[in-house]
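To start, the structure under review is shown below, and the notes come after it.
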């Protein structure tokens, strides 16, 4: 009986290792040209880009809210960027999964915080959480501090309302 359980144990361990590896692969490395790549990937659609960190308590509250928002409104595009070190990928993936955000675009800083921060917004000094709501024309509205669900609904619905069919 002991030998019969061993193959199942090996199979379960393999599945756990494979699933944790694929979750870590979901994190894309944010480098100097990544901001432009995000804009290119999201052309012609409104989206919210949020910068956050593991050691930022307001960020945890915002991620929880974003998870709830994403569950209610999965049609709205979210992009998450962790400003933490790439070596903290496992912790980042664990937290993102805990908040139900594993299906959104996920990035983690891979390089100097100052250079990467500046590549996104030269007027941003690094305060977190930091959000950018991008309209369909790629104009953006920046927000420092914790966002609230009613703000997101307002941002997205306003953009959708303005891009809908025009009547005479």
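Just to be sure before I move on: is residue 28 outside any helix (DSSP H, G or I), farther than 23 Å from residue 150 by Cα and modelled with pLDDT of 95 or more in the structure I sent? Answer is yes for this residue. Flag: residue 72 matches the condition of being over 16 Å from residue 35 (Cβ atoms) and modelled with pLDDT under 95.
Looking only at the range 97-115, residues that are touching a strand residue (DSSP E or B) at 6+ places or on another chain (Cβ under 8 Å), outside any loop (DSSP other than H, G, I, E, B) and surrounded by fewer than 20 Cβ atoms within 10 Å (Cβ to Cβ) come to 1 in all. Contact map, the range 43-54: first residue free of Cβ contacts under 8 Å to residues at least 60 places away in the same chain, second residue in a strand (DSSP E or B) and surrounded by 23 or more Cβ atoms within 10 Å (Cβ to Cβ), Cβ cut-off under 9 Å, separation 6 or more or different chains; pairs are 54/82.
Scan 75, 138 and give me the residue that is in a loop (DSSP other than H, G, I, E, B) and without any contact (Cβ under 8 Å) to a residue 12 or more places away in the chain.
75
Only a single criterion out of (1) under 15 Å from the mean Cα position of the chain (by Cα); (2) modelled with pLDDT under 95; (3) in a loop (DSSP other than H, G, I, E, B) is not satisfied by residue 54, namely (2).
The values are calculated or read from the model by the stated rules, or taken from the named source; none is laboratory data. Owing to the predicted nature of the structure, the values given are computational and were not obtained by experimental measurement. When we count neighbours, we look across all protein chains shown, and the Cβ atoms used for this are built from the backbone with ideal geometry, even at glycine.
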